[in-house]
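Peer 1: Below you'll find the structure I mean.
Any read-out appearing in this document is the output of simple, stated calculations on the displayed coordinates, not a laboratory observation. Remember, predicted model here, so these are calculated numbers, not experimental data. All Cβ positions, even for glycine, are placed from backbone atoms using ideal geometry, and neighbour counts span all protein chains on display.
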Amino acid sequence: MNIKINLLAFLLLIFSINANAQVKVGDRLPSLELQNSSNEKTNINQFKDKYVLIDFWASWCAPCRLGNKKLVKLHAELDPDKIEIIGISIDTDPNKWMKAIEKDKISFLKLIDSKGFDAKAALLFGVEELPSQYLFNEKGILIKKNPTEEEIINLIK
């Protein structure tokens, strides 16, 4: 009986720590270095005085691939001095990620954290489904999860 209680307490502690670590509306954009498509490290919080839209996706996710097309179009329409769009793939196979980038003609910043839903970035942001988006304002504060295209345009323009 005592072992069951201790195990339950331990599991509750683990889940509460994990839940508290996730980025929430009102939180700052965390410092996190990930590999970009040129095989270099890029920190997601390096962009100052502009909005940052982070889009979690994967090559095997059909809704994500459709979303990529919309984001490419949005990226072309919005002022790059006002917003940075960052696509973070959780693909476990970097080759599939690179092929998807080429096929979708992704023009915005492309990063990968290749451990699927167990990736550090996915855990930090609390990503449980794809696609998942996070919009940070020019002060680096998370203002909206999964914003619509219209909401993004209205904020940026």
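Peer 1: So how many residues does segment 27-47 have that are of a type in the set (G, A, S) and over 22 Å from D91 (Cβ atoms)?
Peer 2: 1
Peer 1: Can you tell me how many residues within segment 105-136 are among the polar types (S, T, N, Q) and farther than 23 Å from E40 by Cβ?
Peer 2: Selection size over segment 105-136: 2.
Peer 1: Separate question: Could you list, ordered by first residue, the pairs with Cβ atoms under 7 Å in which the first is in segment 102-125 and touching a residue at least 40 places away in the same chain (Cβ under 8 Å) and acidic (D, E) and the second is surrounded by 15 or more Cβ atoms within 10 Å (Cβ to Cβ) and assigned to a helix (DSSP H, G or I), at least 6 apart or interchain?
Peer 2: D113/A121; D113/A122
Peer 1: For segment 25-46, how many residues are within 16 Å of L123 (Cα to Cα) and surrounded by 13 or more Cβ atoms within 10 Å (Cβ to Cβ)?
Peer 2: So the count comes out to 7.
Peer 1: Something else now. Considering segment 24-62 alone, what residues qualify as being of a type in the set (D, E, K, R), in a strand (DSSP E or B) and under 15 Å from the mean Cα position of the chain (by Cα)?
Peer 2: R28, E33, D55 - these are the residues of segment 24-62 that are of a type in the set (D, E, K, R), in a strand (DSSP E or B) and under 15 Å from the mean Cα position of the chain (by Cα).
Peer 1: Sticking with this one: What number of residues in segment 24-50 are among the acidic types (D, E) and over 13 Å from N137 (Cα atoms)?
Peer 2: Going through segment 24-50 one residue at a time, the tally reaches 2.
Peer 1: One residue is enough: does segment 83-100 have a residue meeting the conditions over 16 Å from the mean Cα position of the chain (by Cα) and part of a loop (DSSP other than H, G, I, E, B)?
Peer 2: yes
Peer 1: Of (1) of a type outside the set (S, T, N, Q); (2) over 15 Å from P131 (Cβ atoms); (3) touching a strand residue (DSSP E or B) at 6+ places or on another chain (Cβ under 8 Å), A58 satisfies all except one. Which?
Peer 2: Just one mismatch for A58, condition (2).
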